[in-house]
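All remarks here apply to the structure that follows.
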Amino acid sequence: MSYATRQDLETRFESEEIACLAGKDPARLPTALDDAAATIDTALTAEYDLPVPACPILTVIACDLARARLYDEDPPKQVLRAASVARRTLREIGDGSRPLVTVDKAVVPRRAQPGTTVVPPAGPVACALRSGGGS
């Protein structure tokens, strides 16, 4: 799944910078975006079912990671800093210490972890359903 597009990069950063970084190799930009997506998926797969819904923070993270990846050598400090913050935020989302929020402001549910006890619903309807009665 792609979390960001060329347009996302050009919206967040100077389109001239992105064009210069992409260079003459047409595969360079999609490869950087794919690498960013793979990094995100790897960080999220332990806590979330993939693909996750559209989440603005994942677009930001993907853009910052892809931009840093596009630099051949010596990225500017602000680019390195943004990529570092993106990786830290991704770790926090991946370990469950930061919620993942969709464009609709809904929290993406985390996957139930092995060994998690699911408490069945209580009440007369739940009891009737468990006992086979209910209609």
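Residues in the stretch 36-54 that are touching a helix residue (DSSP H, G or I) at 6+ places or on another chain (Cβ under 7 Å) and exposed (fewer than 15 other Cβ atoms within 10 Å of the Cβ): Ala46, Leu50. Answer yes or no: is there a residue in the stretch 101-115 that is in a helix (DSSP H, G or I) and either acidic (Asp, Glu) or free of Cβ contacts under 8 Å to residues at least 60 places away in the same chain (or both). For the stretch 101-115, residues in a helix (DSSP H, G or I) and either acidic (Asp, Glu) or free of Cβ contacts under 8 Å to residues at least 60 places away in the same chain (or both): absent. Thr116 falls short on exactly one of the conditions (1) among the β-branched types (Val, Ile, Thr); (2) more than 14 Å from the chain's Cα centre (by Cα); (3) at pLDDT 95 or above, and that condition is (3).
Can you tell me which residue within the stretch 57-106, out of those that are among the hydroxyl-bearing types (Ser, Thr, Tyr) and under 12 Å from the mean Cα position of the chain (by Cα), is surrounded by the fewest Cβ atoms within 10 Å (Cβ to Cβ)?
Of the stretch 57-106, the ones among the hydroxyl-bearing types (Ser, Thr, Tyr) are 59, 71, 84, 89, 97, 102.
Retained after the next criterion (residues that are under 12 Å from the mean Cα position of the chain (by Cα)): 59, 89, 102.
Values: Thr59: 21, Thr89: 17, Thr102: 15.
Step by step, filter the stretch 57-106, then rank; the result is Thr102.
If I ask for residues that are crowded, with 16+ Cβ neighbours inside 10 Å and under 27 Å from Thr102 (Cβ atoms), which ones from the stretch 13-33 would you list? Within the stretch 13-33, Phe13, Ile18, Leu29, Ala32, Leu33 meet the criteria. Filter the stretch 34-56 down to residues that are within 12 Å of the chain's Cα centre (by Cα) and under 22 Å from Arg6 (Cβ atoms), then give me how many there are. So the count comes out to 12.
The values are calculated or read from the model by the stated rules, or taken from the named source; none is laboratory data. For clarity, every value in this text was computed on a predicted model and none was experimentally measured. Note that we place each Cβ from the backbone using ideal geometry, even for glycine, and neighbour counts take in every protein chain shown.
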